[in-house]
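Note sheet for the following structure.
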Amino acid sequence: MDYEIEEKGAPNREKVEVLGATYEAGKPDGEDDGRWRHKLASRDEKLRYLRSGERYWYGKDWYGSEKRKNPA
Amino acid sequence: MAERKIKKSVDKASLDMMEKAARDGVTTAFDRAGEMSQCAIGAAGSCCKNCGMGPCRVLGVKGEEEAARGICGATAETIAARNFIRMVAGGAAAHSDHGRGVAELFLAAAKGKAPGYTIRDEQKLLQLALEWGVEIGERSNQEIAVDIGEIALAEFGKQEGEIRFLSRAPLKRQELWRREGVAPRGIDREIVEIMHRTHIGVDQDYHSLLKQGVRAAIGDGWGGSMIATELQDILFGTPAPVLGRVNLGVLKKDEVNLVIHGHEPLLSEVIVAVAQDPEMVSLAKAKGAKGINLSGICCTANEILMRHGVPLAGNFLQQELALVTGAVDAMVVDIQCIMQSLPDIAQCYHTKIITTSPKARIPGALHIEFDEHNALEGAKAIVRTAIENFPNRGNNIDIPKEQTDMVVGFSHETINYLLGGLFRASYRPLNDNIINGRIRGVAGVVGCNNPRTTHDSDHTSMVKELIKNDVLVIQTGCSAMAAAKLGLMTPEAAAKYAGEGLASVCETVGIPPVLHLGSCVDNSRILMAATAMVKDGGLGDDISDLPVAGAAPEWMSEKAISIGQYFVASGVFTVFGVTWPTLGSDEVTKHLFTDFEAAYGGIWAFEPDPIKAAHLMISHIDKKRKALGIDKARERVLYDMEMRRELESV
Ligand code: SF4
């Protein structure tokens, strides 16, 4: 595969050279390509994800920035 | 007859179909808007027809007073405020009745009384169970769902206390709502109370009237709409990234075209499955078609796009134009934003218009009523009607070529996952990039089309201006479709249209600079995204502290007013375009545009020029950055860019 080098800029940064796209050209065509929730198969995994990923609502020890100032 | 001066659309496919409509002798909303000028008194909110002594026209604008009071003594302020909150009531009722319909189907499915429907997203079911204190243990999903469905349904008729989803909001926001007395007691109750208060001779203080409007709107955004979104996710799946296409070019000449239009995806989910049934595909082939092509208009379309990648034929003002192609074999509609002209236009071609909701009948349409107990048979009858109509197509077919790719499916849950990954899902990268100035802020651009302005133009001009200035844009509804048609919802759009900072973040995460969050009830996803930003920290303690803004540049429906009002009530600066329905009262307008900020942290604004409106949003974002003390990072960024330009010019 021929690698392409691209020049990228970002605020507060000098321009840098980075490796360009290494994926094959084309479009995803499957309805399931972007699906991620099936990665959590069991009920236990789903509950654990809710308590970590959505911790500010469902985690017992996570309160988010707002609750630290105003302890519940 | 008033002459229409504005350009009708910026979308070539739409313009081509308008020309074809003219050739075919078909009249569309664009023509009707040109022929009928707006009533200036009504547009300004100054016409009251709430009793048989009127209608009374009472303008409260300095130097333009028509009359000081209505027959009953109502002032211009009272009339403008009453009319405004009746719009909120209409919008909140539409969203919430949709939510109720979903809750009823959800409960029936949980009880095994709605064959074909099942729990597709157990994770979200568990989420609501945790939230509402429903026992999980070893219980089956159906058992849990029965409890969830009953609790959800009870939210509509609750008489006291607070609606449950308020507890999702930032703590400071919840306190503010309680302090201001606008925490909704029940979803329906606040809407009914608007109708009572606005009856002749009841509430005659515009402050108090507008406050009730706020209360009902919160019951929409954090109540009815949020229930619709959450339960639809459990039944049909929480959206995740999927590739879609948009514009009239998605219609196919050699396939049966069935267009799904409206807002409630209950039946359309089954139609999506039935259209892939080999028996139906064979029937289509037997009738001379190569297959069955589903596509959609308005928000039912957004729902099935977000979950299945079903292409969008277009937004609100393209519903008539889709028929003008001559290639639509059937258009099935459910509720909201469906033009009564469709059956008339269909007569000029061969299209069957099929209504499905007992709440939304249209003379001249074929009615196949949605029955949750027998959805499969209803869906089959609809697909069969489209197939059997395929041989009736005439030769007058012209399908525009235009169609654009889009990546959609950005629910709050998916954004959280994409930014942080499975083991540390988080909005942290977004907040960090806002703090370091790569992303200046976030703007929600939503709403309808309105033929009183150039179709799609205000949406696309505003969105381009925002992303050019490093503002990440999140969208729903017909507004999202306008941006998608221009190609703004592909990852490649970041390099082409976004400012350097936003582009660098989009490229790193692999997301477009404009994210599609779904249908208009899915504006509740925007509320959740904003709350997640607050809770993740570093950007204040409330939504009103965030560098965010909202807009509906081409709004037309009462739903848009309700959405805008719950955004404002949640602390968001929200600017509307086209027209503003309280301009007949300087005092009421000032109250909404200025005084609301002290009470709710969010205010309304009106600016019909989309670029100027985008600049208002950017100034508000910058004001919030300054208040948070993160304006310095951004100033340094701008200084560096300037320096770089100077260096390059040497
Ligand atoms: S309620 Fe008052 S202002 Fe309205 S129509 Fe009746 S008399 Fe006129």
- Short version: what are the Cα gyration tensor semi-axes of the protein assembly as shown, square root of 5 times each eigenvalue, largest first, in whole Å? 34, 33, 29
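Work out the FRET efficiency for B:Glu135 and B:Asp254 from their Cβ-Cβ distance, taking R0 = 45 Å, and round it to the nearest 0.05. List each step's numbers first, then the result.
Working: r = 54 Å, r/R0 = 1.20.
About 0.25, to the nearest 0.05.
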- Task: Could you run the Debye sum over the Cα atoms of chain B, one equal point scatterer each and no solvent, and tell me log10 of I(q)/I(0) at q = 0.09 Å⁻¹, two decimals?
- Result: -0.73
- Amide H contacts under 5 Å for B:Lys158, restricted to residues at least 5 apart in sequence or on another chain and with H modeled in the peptide plane, are B:Ile187, B:Asp188
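Among residues other than B:Met18 whose Cβ falls under 9 Å from its Cβ, what is the net charge (Lys/Arg +1, Asp/Glu -1)?
On the way: positive: B:Lys8, B:Lys20; negative: B:Asp16, B:Glu19, B:Asp31.
Charge balance near B:Met18 sits at -1.
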- Among the listed pairs A:Lys39/B:Lys124; B:Lys496/B:Lys612; B:Lys253/B:Lys287; B:Lys172/B:Lys535, those beyond 18 Å (Cα-Cα): B:Lys496/B:Lys612
- Task: Just rank B:His196, B:His620, B:His459, fewest to most, by other beta-carbon atoms within 10 angstrom.
- Result: B:His196, B:His620, B:His459
- Among B:Gly444, B:Val202, B:Ile611, whose Cα lies farthest out toward the positive end of the dipole of chain B, if unit charges sit on the beta carbon of Lys, Arg (+1) and Asp, Glu (-1)? B:Ile611
- Note on the structure: Neighbour-count ranking for B:Ser504, B:Ser208, B:Ser479 (other C-beta within 10 angstrom, fewest to most) reads B:Ser208, B:Ser504, B:Ser479
- Which cross-chain or sequence-distant (5 or more) residues have an amide H under 5 Å from the amide H of B:Gly296, H modelled 1.01 Å from N in plane? B:Ile260, B:Leu312, B:Ala313, B:Gly314
- Message: Nothing charged except the Cβ atoms of Lys and Arg (+1) and of Asp and Glu (-1): what's the magnitude of the dipole of segment B:181-277 about its Cα centre? Round to the nearest 20 debye.
- Response: 240
- Task: Normalising by the residue count of segment B:178-309, find the relative contact order in percent from Cα pairs under 8 Å and 6+ residues apart.
- Result: 25
- Note down the magnitude of the dipole of segment B:76-236 about its Cα centre, charges +1 on Lys and Arg C-beta and -1 on Asp and Glu C-beta and zero elsewhere, to the nearest 20 debye. 340
- Message: Just to check I understand the Karplus step: with θ = phi - 60° and J = 6.51 cos²θ - 1.76 cosθ + 1.60, what whole-Hz values come out for segment B:377-385, glycine and proline as x?
- Response: 5, x, 5, 5, 4, 5, 5, 5, 4
- Between the residues B:Ile136, B:Thr508, B:Asn389, the Cα farthest towards the positive end of the dipole of the protein assembly as shown, that dipole coming from +1 and -1 charges on the beta-carbon of Lys, Arg, Asp and Glu, is from B:Ile136
- Between B:Gln38, B:Gly54, B:Ile85, whose Cα lies farthest towards the positive end of the dipole of segment B:1-129 when Lys and Arg beta carbons carry +1 and Asp and Glu beta carbons carry -1, centred on the Cα centre? B:Ile85
- If you add up the charges near B:Leu419, with Lys and Arg at +1 and Asp and Glu at -1, over every other residue whose beta carbon is less than 15 angstrom from its beta carbon, what do you get? +1
- Pairwise FRET efficiency - B:Lys111 versus A:Ala41, Cβ, R0 = 35 Å, nearest 0.05: 0.85
- Relative contact order for chain B, counting Cα pairs under 8 Å that sit 6 or more residues apart, in percent: 16
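Mind checking the full-extension length gain between B:Glu175 and B:Ala22? Use 0.36 nm per residue of separation minus the Cα-Cα distance, one decimal, nm. Intermediate values should be presented prior to the final figure.
Details: separation 153, 0.36 × 153 = 55.08 nm, distance 5.62 nm.
Full extension of this stretch gives 49.5 nm more.
In debye to the nearest 20, how big a dipole does the protein assembly as shown give about its Cα centre with +1 on each Lys and Arg Cβ and -1 on each Asp and Glu Cβ? It would help to have the intermediate numbers written out before the result.
On the way: 85 positive and 98 negative charges, 133 e Å.
Rounded to the nearest 20 debye, it is 640 debye.
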- Surrounding charge for B:Thr579, neighbours by C-beta under 15 angstrom, Lys/Arg +1, Asp/Glu -1, total -4
- Query: Which residues' amide hydrogens lie under 5 Å from the amide hydrogen of B:Asp456, considering only partners 5 or more residues apart or on another chain, with H built in the peptide plane?
  - Reply: B:Asn450
- Task: For a footprinting-style exposure proxy, rank B:Trp555, A:Trp36 by other Cβ within 10 Å, fewest first.
- Result: A:Trp36, B:Trp555
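How much mean residue ellipticity at 222 nm does chain B get from its helices, if each DSSP H run of length 4 or more adds -39500 (n - 2.57) and you divide by all residues, to the nearest 500 deg cm²/dmol?
-15000 deg cm²/dmol
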- What FRET efficiency do you get for B:Asn395 and B:His615 if R0 is 41 Å and r is their Cβ-Cβ distance, rounded to the nearest 0.05? 0.25
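Every read-out reported here was derived from the displayed coordinates using simple, explicitly stated rules and does not represent laboratory data. Being a predicted model, the structure only gives us computed values, none of them experimental. Here the Cβ is made from the backbone with ideal geometry for all residues, glycine too, and neighbour counts use every protein chain on show.
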